[in-house]
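The next block holds one structure in the form of structure tokens; read it before the comments.
The numbers here are math on the coordinates, done by the rules we state, and not lab data. Because the structure is predicted, anything quoted here is derived from the model rather than measured. So basically every Cβ, Gly included, is an ideal-geometry build from the backbone, and we count neighbours across all protein chains shown.
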């Protein structure tokens, strides 16, 4: 029987539980104490690798859902459920205390053995037969090791009939336990958030094999709200057939889209040539790029519209003014004044408040009309590319 292996899921699991290792705990504390010995911060690299693994893990998970049998899907999620429980049990503060206690006990034992060995070696030396503080002659060698022309110098030394211990055991300071637990728990929550998006749907029987259905093209966008806007625009603009023919997924920002693009181009482990488009916000100024069945595009930038960043740039001034009238918390305004080559200028900038983005989205998607979403037609025209000659 062939056992299926899911490398990205497994790597993500090992990455997160790996933060409870001796090395990771010590590296974190050394960084907090400004005692980290290396120029490059390898601990931050480990965090970066873990977060990259999360992106690859979700891509693998979705590929399993979209391209395999129900039996494989069930195997995947049953194992994933066990992995999640294991991470939950591992990333526990009492477990961390036991790990630190075990590390410290082993370090103290190692240190004591080292001191006992050095002490025994010291007192077995013939010089210890001399009286305490007696003087004796010793040879000291000068020059590079391994060369025949070493210089020898006779020096006087003092005999001490006691052994002075140098150094202290490398014990982990327990005062960092709660702080480190909180740090790793926040990293683990990123893992749990991703899992919760899918595992409850699977338990409820909502994730079914698509192996024998049409292989839908996929649109990857920066954020969850982008999906809401695009689907609502398709409803208003009578493009529901188009939007229902495409699967839309979000990746949490342009940097994650960049990582996904490199995976598809350079490390494409997928077996089905699914058409994919990565859609960036207009302010990233991402140039168009095509690679086989993979496309990179940015939402069109509308110069005359008040919001200059994000997909909200597609809303006209009339929409933004309605939003301000409905709830002034939705939109932040800044009055900018300055002087350019002796000429005074003044302008007002508009930006959706970062804490109100979800509320603004809910409001405009429930109350907006054709006049609000008309410029989203430009995105729907881009999506038509995914349906061209689709198998």
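Quick notes
- The share of Cα pairs per 10 Å bin across segment 218-387, counted from zero up to the longest distance, runs 9, 36, 32, 16, 6, 1, 0 percent.
- Remark: 191, 315, 293 ranked as 293, 191, 315, counting other beta-carbon atoms within 10 Å and listing the fewest first.
- Note on the chain: Kirkwood radius taken over Cα pairs, Stokes-Einstein applied at 25 °C and 0.890 mPa s, translational D equal to 91 µm² s⁻¹.
- Over the chain, dividing the summed -39,500 (n - 2.57) contributions of all DSSP H runs of at least 4 residues by the number of residues returns a 222 nm mean residue ellipticity of -16000 deg cm²/dmol.
- Nearest 10 degrees, 0 to 90: helix 22-32 Cα axis against the chain principal axis: 80
- Helix 93-123 vs. the chain, principal-axis angle (Cα, 0 to 90°, nearest 10): 20
- Max mean-square fluctuation residue, GNM over the chain, Cα-Cα springs under 10 Å, options 42, 160, 20: 160
- Normalised Debye scattering of segment 91-139 at q = 0.13, 0.30, 0.33 Å⁻¹ gives log10 I(q)/I(0) of -0.54, -1.03, -1.10, counting only Cα atoms as equal scatterers and leaving out solvent.
- Compared with the dominant principal axis of the Cα atoms in the chain, helix 70-90 is inclined by about 50°.
- Among 38, 76, 350, the residue with the largest mean-square fluctuation in a Gaussian network model of the chain, with springs joining Cα atoms closer than 10 Å, is 38.
- Euclidean distance between Cα centres, segment 65-134 to segment 184-258, Å: 40
- Taking all C-alpha pairs of segment 289-391, those more than 21 Å from each other amount to 48 percent.
- Volume in Å³ per residue [convex hull over Cα atoms, computed for segment 1-106]: 132
- Antiparallel bridge percentage (DSSP; both residues within the chain; nearest 5): 60
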